[in-house]
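**Student:** The structure's right below; bear with me while I get my questions together.
The values are calculated or read from the model by the stated rules, or taken from the named source; none is laboratory data. Values in this document were obtained by computation on a predicted structure and should not be read as measured data. Methodologically, a virtual Cβ is constructed for each residue, glycine included, from the backbone with ideal geometry; neighbour enumeration extends over all protein chains shown. Calculation scope for accessible area: heavy atoms of the full protein, side chains included, ligands and nucleic acids excluded. Shrake-Rupley method; radii C 1.70, N 1.55, O 1.52, S 1.80 Å.
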Amino acid sequence: MALQCTLNRYLLLMAQEHLEFRLPEIKSLLSLFGSQFTSSQETYGKSPFWILSIPSEDIARNLMKRTVCAKSIFELWGHGKSPEELYSSLKNYPVEKMVPFLHPDSTYKIKIHTFNKTLTQEEKVKRIDALEFLPFEGKVNLKKPQHVFSVLEDYGLDPNCIPENPHNIYFGRWIADGQRELIESYSVKKRHFIGNTSMDAGLSFIMANHGKVKENDIVFDPFVGTGGLLIASAHFGAYVYGTDIDYNTVHGLGKATRKNQKWRGPDENIRANLRQYGLEKYYLDVLVSDASKPSWRKGTYFDAIITDPPYGIRESTRRTGSQKEIPKGIEKCPETHVPVSLSYHLSDMFFDLLNFAAETLVLGGRLVYWLPVYTPEYTEEMVPWHPCLQLVSNCEQKLSSHTARRLITMEKVKKFENRDQYSHLLSDHVLPYQGHNSFREKYFSGVTKRIAKEEKSSQE
Ligand SMILES: C[S@@+](CC[C@H](N)C(=O)[O-])C[C@H]1O[C@@H](n2cnc3c(N)ncnc32)[C@H](O)[C@@H]1O
């Protein structure tokens with residue numbers, strides 16, 4: 001109760017993209033900055049307007065230095081369901097909290113922001129004039145004001161049913177914008193080294209935020225590819241390390257992904273990608289290594305493991321073999337020849353990944369990864385689990401009418417004892433996610449194609 005009294009109200013203006021990812025991002029960042037998400041937060045599902053109660057403007061500013069899901073944050077001075085309600089709420093806002101921003105030698109500007117409706121200039125001016133009861137004493141400066149205030153009107157989510165009057169009206173002092181511009185400045189289109197499965201910049205930043213990556217952390221990606229996920233973590237000040245089974249990817253060799261280029265150029269590699277963004281000092285290393293056979297000594301090394309394992313759709317799910325593992329009936333290779341490539345079932349891959357994360361993450365460290373699912377058969381019970389890892393969030397991104405990938409975030413909450421203790425998790429009756437073994441087959445199956453075709457023709 002004592003904590004409640006010291007909380008201030010802020011209005012978050014959320015981006016209308018990746019809706020399911022927004023709440024876990026904001027929750028993760030608040031906990032990173034020592035605050036928390038409480039029941040007093042009002043997140044209104046799909047709405048772009050969320051009210052947050054947090055202890056300080058510093059936390060609000062820190063949040064905005066990280067979020068890609070929120071556009072802006074405002075100190076909330078008033079809120080109502082009609083102009084009258086808004087004005088009476090503004091009249092109740094403590095004057096002593098307003099005065100520092102309204103004094104005679106300050107400059108200011110008032111902006112009108114509407115969601116799901118466009119107002120004429122005349123309508124906007126009317127709304128500004130109606131606020132003259134507020135004790136503004138400074139000068140208006142439209143170009144470079146010291147303080148910016150906003151009226152934000154919410155006309156709901158349905159573009160086919162726009163109400164005459166807004167459902168909600170807010171007034172607040174603008175504090176800061178989020179990091180939406182990173183989506184453009186780190187766009188894969190402009191990146192030096194890319195591959196078929198390079199992770200989209202916006203999602204990479206969301207993953208780093210779900211993973212609570214912070215300065216001086218060590219972040220690992222066991223399926224590193226072109227290092228898209230390492231770039232986002234390095235941008236937030238973490239030292240990054242990765243492995244991949246593909247020699248050409250790690251060494252930046254082989255065929256280029258860009259249309260008008262045949263072979264990869266001399267300096268197309270992960271290190272050069274980090275250099276492109278001024279982040280080379282965060283590069284630890286990348287190695288050719290098979291995630292099914294980690295070569296790490298027992299210990300806790302990583303603050304976060306952030307990864308996008310292969311689903312076998314645009315890249316193969318392979319692992320190195322051994323003499324012992326060669327299926328019966330196949331002639332054995334000479335003793336010296338080991339790297340037989342075997343197929344790597346998705347269920348084995350996720351078992352290995354969770355076990356590896358449980359062993360090598362520091363306590364409180366996070367594992368963030370994508371789980372492919374065949375949506376008609378998906379249930380929450382299919383999400384892989386481990387006794388040392390607690391599920392933090394599970395968000396869906398649709399890929400097609402019948403397939404999706406889910407962004408899973410887990411936190412290490414218990415010390416890893418020893419490998420043998422967890423080996424039973426792979427046995428059939430405890431393994432919750434055998435379904436994923438068949439993801440690839442289902443993706444390519446006639447069933448999926450037929451359904452997609454039927455859906456298409458029914459829409460025509
Ligand atoms: C989806 S891609 C990762 C893309 C990456 N996030 C990026 O931004 O470029 C998966 C990667 O896993 C690698 N891979 C497949 N099997 C592996 C294994 N057994 N061990 C390590 N890496 C593996 C593939 O070579 C591929 O580069």
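**Student:** Count charges around residue 130 for me, please; just the other residues with Cβ under 14 Å from its Cβ, Lys/Arg as +1, Asp/Glu as -1.
**Tutor:** -3
**Student:** At a 1.4 Å probe, what is the % contribution of carbon and sulfur to the accessible area of the stretch 206-296?
**Tutor:** 50 percent
**Student:** Pop the C-beta distance of residue 157 and residue 200 into the FRET formula with R0 = 25 Å and round what comes out to the nearest 0.05.
**Tutor:** The computed FRET efficiency comes out at 0.55.
**Student:** Of the listed pairs 81/144; 46/81; 27/414; 117/139; 190/212, which have alpha-carbon separations greater than 23 Å here?
**Tutor:** Check vs 23 Å cut-off fails for 81/144; 117/139; 190/212.
**Student:** Here's another thing I want to ask about it. Distance between the C-alpha centers of the stretch 233-309 and the stretch 95-111? Whole Å please.
**Tutor:** Going from one Cα centre to the other spans 49 Å.
**Student:** Expressed as a rounded percentage, what relative contact order does the stretch 167-242 have, with Cα pairs under 8 Å and six or more residues apart? Write out the running numbers ahead of the final one.
**Tutor:** Details: 83 pairs, mean separation 20.0, N = 76.
With pairs under 8 Å counted, the relative contact order is 26 percent.
**Student:** Give the aspartates and glutamates reachable from residue 412 as a straight Cα distance under 14 Å; neighbours fewer than 8 places away on the same chain don't count.
**Tutor:** Correct list for residue 412: 303, 359.
**Student:** Give me Rg/Rg_expected for the stretch 89-227, where Rg uses Cα atoms only and Rg_expected = 2.2 N^0.38 Å with N residues.
**Tutor:** 1.50
**Student:** Ok, one more. Restricting things to alpha carbons, find the Rg to Rh ratio for the stretch 337-412 using the Kirkwood radius for Rh.
**Tutor:** Details: Rg = 14.1 Å, Rh = 13.6 Å.
Radius of gyration relative to Kirkwood radius: 1.03.
**Student:** Taking R0 as 30 Å, what FRET efficiency do you get between residue 111 and residue 58 from their Cβ-Cβ distance, rounded to the nearest 0.05? Numbers along the way, then the final one.
**Tutor:** On the way: r = 24 Å, r/R0 = 0.79.
After rounding to 0.05, the efficiency reads 0.80.
**Student:** Give me the distance between the Cα centres of the stretch 57-81 and the stretch 114-187, rounded to whole Å.
**Tutor:** 14 Å
**Student:** Run the quick spin-label model on residue 295 and residue 267: label points 7 Å from Cα toward the beta carbon, then report their separation in nm to one decimal.
**Tutor:** Using points 7 Å along Cα→Cβ, the separation is 2.8 nm.
**Student:** Would you list which aspartates and glutamates come within 20 Å of residue 124, measuring only between C-alpha atoms, while excluding same-chain residues fewer than 8 positions from it?
**Tutor:** 84, 85, 132, 153, 154, 164
**Student:** Is the C-alpha gyration tensor of the stretch 232-290 telling us rounded, prolate or oblate? Criteria: a/c under 1.5 is rounded; beyond that, a/b larger than b/c is prolate, otherwise oblate.
**Tutor:** Oblate.
**Student:** Which loop-located GluC sites (Glu not before Pro) does the stretch 78-171 contain, where loop means any DSSP state but H, G, I, E or B and the Cβ has at most 15 other Cβ atoms within 10 Å?
**Tutor:** Working: sites: 84, 85, 96, 122, 123, 132, 137, 153, 164; in loops: 132, 137, 164.
Answer by residue number: 132, 137, 164.
**Student:** With each label point set 7 Å from Cα along the Cα-Cβ vector, what nm distance links residue 92 and residue 216?
**Tutor:** 4.5 nm
**Student:** Taking 7 Å along the Cα-to-C-beta vector as the label spot, tell me the residue 419-residue 251 distance in nanometres, rounded to one decimal.
**Tutor:** Here the modelled spin labels are 2.8 nm apart.
**Student:** Ranked from highest to lowest mean number of other Cβ atoms within 10 Å per residue, what is the order of the peptides 227-236, 54-63, 181-190, 356-365?
**Tutor:** Highest mean packing first, the order is 227-236, 356-365, 54-63, 181-190.
**Student:** Another question, then. Fully extended, how many nm does the chain gain between residue 363 and residue 120 (0.36 nm per residue separation, minus their Cα-Cα distance)?
**Tutor:** 82.0 nm
**Student:** Whole number in Å², please: accessible area per residue of the stretch 59-167, 1.4 Å probe, ligands, DNA and RNA not counted. Kindly include the intermediate steps, with their values, before the conclusion.
**Tutor:** Numbers: 6240 Å² over 109 residues.
On a per-residue basis, the stretch 59-167 sits at 57 Å².
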